[in-house]
Structures are given as C-alpha cells and as structure tokens.
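Engineer: Input: one structure, supplied below.
The values are calculated or read from the model by the stated rules, or taken from the named source; none is laboratory data. All of these numbers come straight from a predicted model, not from anything done at the bench. Note that we place each Cβ from the backbone using ideal geometry, even for glycine, and neighbour counts take in every protein chain shown.
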Amino acid sequence: MAVFGTLEWVTAFMDAINASKPYEDAAKTWEGDFYFIIEVGGAVKEQGYQYVDLWHGKCRKVDVVTEATKDKYKPEFVLAASIATWRKVAEKKVDPIQAIVTRQLKLTGNMGKVMRAVKAAQELVNCVTQVKTEYPE
Amino acid sequence: MQFFGVPFTVFGDDSLQYLNTILGKRAFIVTDKNIIKLGLADLVTTELKKANIECTIFDGVEPDPSIETVVKAAGIAKEFKPDWVIGLGGGSSMDTAKSALVCYAAGIGPLDLAPSEFYNLRATAKLMCIPTTSGTGSEATWAIVLTDVAGQRKVSFGSYETMPDIAILDPRMVMSMPPQITGDTGMDALCHAIDGYVDTWRTQFTDGPGLVAIKLTFENLKKAYDNGKDEDARKAMMCAASMAGTCFGNGMAGLSHSTGHAIGGLFHTPHGRAVGLFLPYTMEYQINGSDETASRYAEIARFCNISRDGDDKKCARALVDAVRKLAKSVGQPLSVKETGIKREDYMKSMPDLMDRSVNELMTSTVTRVPESEDLVKLFTYAYDGKSIDY
C-alpha cells in the first residue's frame, strides 16, 4: 500500500495508467503534463507536487518534488486540492469536473482542452482507483 | 459542497421597463442582425437611454457562434469599455455576450476561462441576458457553448462568474418567433428540464424548476407553435425555458445533449432540433438499464398527468411517448433520416460522432453511462427511428 503523494504512489499510478487499455484508447491524442498538488492542511504540513507526464495514451514520466524544487518542471496543467478532496475524487465521491466547477479542485491551464478529453479524465480517475492507497492522517 | 445560482429575473408584461431603473454608464449589446431587423434591439436601447446609459451594438453573432466571433465582440468591448454587457437574442447571442465579457474583463482568450479561478469580472462590468427564444435558458445558466469551426465541434465551458446578474423575460421579445424556431427551441427547453431532472449532478434545488418547466412545456409549446400570438402560451414558454435553464444549469444536461451536440457540430442541425430528436432515444436507453432513472421519469409523468397508472417503467415509457407526440406536433423530426442527412454520410461520420459524444461531460452525468458500442447502436437506431431495445 502506497502513501498518497509519495514517489512510490505516483509510480504505482504510472504503472496503472500504462496497463490500462481503456485509458490508452481514450487518451490516444492527449499531450499534456500535470502537477497534481496536495495543499497544506490537516496531516499535510508541506505542499506536495506530483508530476505526471501524459502522452498519447501513456504515462512517460512521474516525479515528486517539493516547494523548494517545484521549478524543476513547467507542466501545462496544474490541479491543486486538499488531501480530503483528492481522496473524494479518487474514491469517486465527487466527479473531478464538478470539483473543478465548484472550486474544490483548482485547475490552471486550458479548460477547453480538458473538456474535450472528458473520457480520458474519467479513465485517469479509474486508474487512480486501482492503486492501493493510504492517505496521511 | 455544491452551488445553486439564479439571476435576478424580471418577467411578464413590459419587463423591459426594468432597464430604465438600472445604474450604469455604457451598455454593450451583443446580438444578431435578425434581432436588429425585427426592431427588438430598439426596444432595449430606448429603455436604456431613459436611464442615461450609452449603448453600442455588436450584431455579428451567427448561429453556433465561433470563437472568432467572440474575439471580435470582445475587441469592440475593450474599445467601448462598458459597465454592462447584454446578450440579446437566442443562445448564440447570450453565450457570445458571456464569453465576450470574460475576454474583456479578465483579459484572457475565450477558451482560457478556468472555472476554479476567480476573475472578479464584476469589477469591470455586469452581465444581463434578454432571451428572444424559449429556449436555451442561457439567461439562467453559467454555461457557454461555442463552436470550434475548424474542429467541427461544440466546446462547452463556463464559470459561476458567467451567470447573468439579470435576466429579463419580456414576451414582446418572443412574439415574432416563427413556428419552426418555436418548436426547435421549445424542445431544447424540454430536454434541459428532463435531462436536468434525472442527471447525477441534480439536487433538491433543481428538482422544482425542472418539474414545473416540463409541465409548462407540455401544456404550452404546441399552443405557442400553432398560434404565435397566444400571449399566455408565449409567457409560459419563456418561464419554462428559464426554469429549465435553472434546472440543468445547476446540475447538468444529459445524453440528449452530448449526442445532439455531436450531430450539430458535424451536420449543422439546429441545436434544439438535434437534442430534441435524440431525447426519446436517450430516455429509452436509460429506462432499459436504470431503475433509478425510470423512477424519475415516472415522477415526471405523474406530475404532468401524462400517466398515473402502472409501475415506474410503464409511466416512464408513457413519458417517452408523450415527448415523441409533442415533438411531432411541433414539426420536429423523429429520426435522423427525417432531417435529410444521408445515411452514407451519417455512417461515415460515426467515428467522429462517437469521438465528440464520448468526450462530452454530459455523456457521463447519467445513471446508465453508455460505452462506445451502445452509443454506436443509439446513433444507428436514431437514424432509422427505431426504439431502443437494449
């Protein structure tokens, strides 16, 4: 079981993405990398940055950086939320697009591009559910 | 956490007179040439001038407005510096106005709007919508739908900041709507309300407006279609369309819209006609595989006195029959074939229809979410007018 926000977790996430045929089919034209940011709050004492590079249905690279090293990557998209919101999205208790619209999940980047890849976004969430996850308490 | 929002809504006879009470200096009116020709823009500017508000008009909106049209409108707004942006017309004009406000007030491109950002648009200008159809309900939603012309697809987005501050429903604005547009836009309102009543983003707040909108539409759309001068029917449809907007705008539309958008983007079928065509097929699909949604359709059927006898599925199917009957009575096609689209062209476009509909959010805000195979069948059945049996 991997702790959410760690390199072990995001590596397991990459493996789940690259093993997923539904994701590969849905995201076959997608080009874009992300920071998934875990905001400070609760058990999270320092803002965490998970880097995920998605390219034509596969995940090419993942990494975890800190506030001090966040300039290592300049991703096209940034999605930031509290650990509680990330958990709700991962457990499918809230739709990620609905979370963006209600500002629980903050998206920086071209929303139009995301909205044209709704199926890929949904399959990405499905990949998250395949990672056995422990959340910091 | 969920949100619910409505504009301050002024409705009924002479509601345009409300304009001469608003505070402001300059109003930028976004509309189309037909609205100018009908004299409806004059009714608006006359009232604004009584409030000492200077007006300028952009009349370049086309059906299914493009991103380029928004850029043009925003350019004029940046020169004129209004403190009111007014969308006057159908959904095309209202959505163009919303998007132009974003570009003007936030200094970003039309597609750069991020719903989770706060742009403080109101520090620059407020937003008003005055519909001339009944309708898209855009006057009551934060949604914007533009057309990516090169990509032949609709792009839907928005933010709670693009919810109008004021909506004015003056019946004079809709009295000259010809029957075809009355039918098309009325079916759009019905789709919004029915889809919004059953979607997975619905709340207790959205139920009430949805149910009433559906009942008003069943009782008044045909009357308004048969006799455009029927003021009561026109007023009722204005309210129905706006309430349907409140319902789906605070929830989400459904499969009728994701399939209708796909066909509209590729074949330029008018929006209301396209979504209305797919509504009964998408309802049948839900009934066949979702007891929860069948039960919700049954509630509608009972509330509207369409069917009270029998179990949920029986009542739900009676609602589908009522939708088809209404659609036929207001000149709507009941199959894709009836729209004149050639079978060969349609089938050749199937991969594109699929790509557009699976990537619409509204395909997934239903209780029975179709996979690709089911969607292909649905599109195919809808071509021939065959009821969904799977």
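Engineer: Considering only the range B:265-303, how many residues are among the basic types (Lys, Arg) and in contact (Cβ under 8 Å) with a residue 40 or more places away in the chain? Please lay out each step first, then the result.
Structural biologist: Taking the range B:265-303 first, the residues among the basic types (Lys, Arg) are B:273, B:296, B:302.
Now drop any that are not in contact (Cβ under 8 Å) with a residue 40 or more places away in the chain, which leaves B:273, B:296.
Qualifying residue count, the range B:265-303: 2.
Engineer: Then there is this: Among B:Gly186, B:Gly158, B:Gly196, which is the only one that is surrounded by 21 or more Cβ atoms within 10 Å (Cβ to Cβ) and over 12 Å from the mean Cα position of the chain (by Cα)?
Structural biologist: B:Gly158
Engineer: In this structure, is B:Thr282 in a helix (DSSP H, G or I) and either closer than 19 Å to B:Leu378 by Cα or touching a strand residue (DSSP E or B) at 6+ places or on another chain (Cβ under 8 Å) (or both)?
Structural biologist: The answer is yes for B:Thr282.
Engineer: Give me a count of the residues in the range A:116-137 that are surrounded by 20 or more Cβ atoms within 10 Å (Cβ to Cβ) and at pLDDT below 85.
Structural biologist: Qualifying residue count for the region: 1.
Engineer: Anything in the range A:47-68 that is modelled with pLDDT under 95 and over 21 Å from A:Gln104 (Cβ atoms)? List them, or say none.
Structural biologist: A:Thr66, A:Glu67, A:Ala68, listed by residue number.
Engineer: What's the number of the only condition in (1) more than 23 Å from B:Gly265 (Cβ to Cβ); (2) out of contact with any Pro (no Cβ under 9 Å at 6 or more places or on another chain); (3) surrounded by fewer than 16 Cβ atoms within 10 Å (Cβ to Cβ) that B:Met347 fails to meet?
Structural biologist: The single condition B:Met347 does not satisfy is (1).
Engineer: Would you kindly identify the strands (runs of 3 or more DSSP E) lying entirely within the range B:82-184 that contain at least 1 residues that are more than 30 Å from B:Lys229 (Cα to Cα)?
Structural biologist: B:84-89, B:126-131, B:143-148, B:153-158
Engineer: When the residues of the range B:77-105 are filtered to those that are touching a Ser or Thr at 6+ places or on another chain (Cβ under 7 Å) and among the β-branched types (Val, Ile, Thr), which remaining residue is surrounded by the fewest Cβ atoms within 10 Å (Cβ to Cβ)?
Structural biologist: This residue is B:Val102.
Engineer: Same structure, new question: Which residues, taken from the range A:95-106, are at negative phi and modelled with pLDDT under 90? Outline the logic, then answer.
Structural biologist: In the first step, residues of the range A:95-106 are kept if they are at negative phi; the result is A:95-102, A:104-106.
Those that are at negative phi and modelled with pLDDT under 90: A:Asp95, A:Pro96, A:Ile97, A:Gln98, A:Ala99, A:Ile100, A:Val101, A:Thr102.
Engineer: Kindly indicate the residue of the range B:291-305 that is of a type in the set (A, V, I, L, M, F, W, C) and under 14 Å from B:Ala193 (Cβ atoms) and also nearest to the chain's Cα centre (by Cα) among those meeting that condition.
Structural biologist: B:Ile300
Engineer: Does B:Lys313 fit the bill of being of a type in the set (Lys, Arg), assigned to a helix (DSSP H, G or I), in contact with a helix residue (DSSP H, G or I) (Cβ under 7 Å, 6 or more places away or on another chain) and surrounded by fewer than 16 Cβ atoms within 10 Å (Cβ to Cβ)?
Structural biologist: yes
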